[in-house]
Each structure stands twice: as structure tokens, then as C-alpha cells.
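The values are calculated or read from the model by the stated rules, or taken from the named source; none is laboratory data. The structure displayed is predicted, hence computed values, not measured ones. Reconstructed Cβ throughout: ideal geometry from the backbone, glycine too, with neighbour counts over all protein chains shown.
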């Protein structure tokens, strides 16, 4: 059976009918999964509307005072000392052995590392005290969480683009060997693109949610604040990823539907159909 006959037998609905079917399907989905829909709407509203409360001038002053009290030069010096001691130790050790001279360098390097960790711990403690003044629901807290999400989101999209580039290269080689048409190759690449973006964005969402604990705990919130913020931030990330993926899949579906409808119209208005109409008129 030719492809034109296959397309003509699909009997696709018209655009209004297709839109009505999609609307009915979406309404059925919403009614059958109210909890899922509620989480999505709460997350979408949080992502779009909530940017954190503004700090009062006194809070800003207190926050800036704590931040300015952190001596960053100590951490810089400790880092430089550790790097220096590590290079000395690395140069003195053998492939599979470490003599007495190497052991002394190793001990010095370990003391430098311990001192560096202590300095970092003190700095992080002071930063946490400053964050506690601001609060996790402040502009500072919400901004940090958003920056974290978009950082992981960009990594997910980069992964998808890079993977799709490799897939396009290797799939192209296989398509040439199998004598596949350009349309078949493009269809495979579109499906591969959707799969890669799904994997990349779902993976970034999972890592973002795992990292929320460390961000939230650094603001020293109450248990209720921590739980509610974790829920809202996770829901917001889920809503953004779901919306992006839904838009991509929906766009591909609409484009595919349009292409098939155009092909169907061309077949119906083709020369063979025209000849048949003339014969029927005669």
C-alpha cells in the first residue's frame, strides 16, 4: 500500500474537532487526578508570582553587618597554603610508595587541609547566621533557590543538546546505510530530541530537589517553614519542567498533525482525484 493511500485512510479529524478532543482529554485528566493538578497549579503559581518578601532596612543592615564581618582573606590564605603543601607532597611521593620525607609532607598537607576546612566551616557558619536573619522566604532565599534551579535546568538542556548532536551524527550514518528517507530521519531525530530533553530535565529536577535540603537548612528555618518551603520549591520546579516538556510534546504533536493534514489535502486535490471527478461528471 502506498503512503498516499495510507494517509488518505487515516481519516483525521478537523482542526475544531481535534481541539475539542484535546480539551475533553485535558478536562478528563484534571478530574481524574485532582491532587496532581493541585500540586501543578500551586507550583506554577509559586514559580510565577512569588519572589520573596522584601527585607526591612534594619534586617538589611543586620544582614550586611554579618556578611561584612567574614574575613575572606583567611580562607584565601588557607587555600593557598593547602595548594602549596599539596604540590610539595605530590612531588615527593612515588608511584606506589611514600618515604619518611614524603610522610612529613603528607602530614603538613593534612594539617593545611584541616585548617582550610576549619576556616570554611567558620565562614559558612557566619553566612548561615546572616541567612537566618533574612529568612528562607525572603528575596535572598527565594533568589538563591531560583538560581540553583536554573543552573541545573541549563545543565539539563545542555546535556540534551549535546546528546542530540551525537544522536544526529550516528543516526545519520545508520540512515545512509539503510537507505532511509529524509522524512524518516527527521522523524527519528525529533523523537530522539524529545527523549533527550525529557531525560535531561527530569534529571535536573531530581538533583535540584535533592539539593534543596542544604539550601533550606543554611537559613536555619523552623520545621514548618522548612517543610512548606520544600514543598513549594519542589512543586515550582516540577511545574516548570512539566510545562516545558508539555509544550515541546504538544508543539511536535501539532506540527505532525498539520503536516499530515496538508498531505491529506494534497492527496484529495491531486491530479488523480481531479480526473476521477471529471469522469464522474461525464
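Across the range 72-122, the number of residues qualifying as surrounded by fewer than 13 Cβ atoms within 10 Å (Cβ to Cβ) and either closer than 27 Å to residue 218 by Cα or in contact (Cβ under 8 Å) with a residue 40 or more places away in the chain (or both) comes to 8.
For the range 85-110, the set of residues classified as in contact with a helix residue (DSSP H, G or I) (Cβ under 8 Å, 6 or more places away or on another chain) and in a helix (DSSP H, G or I) consists of 85, 86, 88, 89, 92, 101, 102, 105, 106, 108, 109, listed by residue number.
Being surrounded by 15 or more Cβ atoms within 10 Å (Cβ to Cβ) and outside any helix (DSSP H, G or I) is a description that does not apply to residue 140.
Suppose the filter is out of contact with any strand residue (DSSP E or B) (no Cβ under 9 Å at 6 or more places or on another chain), in the same structural domain as residue 146 (by TED's automatic domain parsing) and in a helix (DSSP H, G or I); does residue 45 pass it?
Considered against the rule, which asks whether it is out of contact with any strand residue (DSSP E or B) (no Cβ under 9 Å at 6 or more places or on another chain), in the same structural domain as residue 146 (by TED's automatic domain parsing) and in a helix (DSSP H, G or I), residue 45 comes out as yes.
Just to be sure before I move on: is residue 166 in the same structural domain as residue 225 (by TED's automatic domain parsing), on the phi < 0 side of the Ramachandran plot and surrounded by 14 or more Cβ atoms within 10 Å (Cβ to Cβ) in the structure I sent? Considered against the rule, which asks whether it is in the same structural domain as residue 225 (by TED's automatic domain parsing), on the phi < 0 side of the Ramachandran plot and surrounded by 14 or more Cβ atoms within 10 Å (Cβ to Cβ), residue 166 comes out as no.
Checking each residue in the range 27-63 for being in contact (Cβ under 8 Å) with a residue 24 or more places away in the chain and more than 21 Å from residue 228 (Cβ to Cβ) picks out 62, 63. When 128, 148 are screened for being closer than 30 Å to residue 230 by Cα, in contact (Cβ under 8 Å) with a residue 12 or more places away in the chain and surrounded by fewer than 18 Cβ atoms within 10 Å (Cβ to Cβ), only 128 passes. Just to be sure, is residue 184 surrounded by fewer than 17 Cβ atoms within 10 Å (Cβ to Cβ) and modelled with pLDDT of 90 or more? No: the conditions fail for residue 184.
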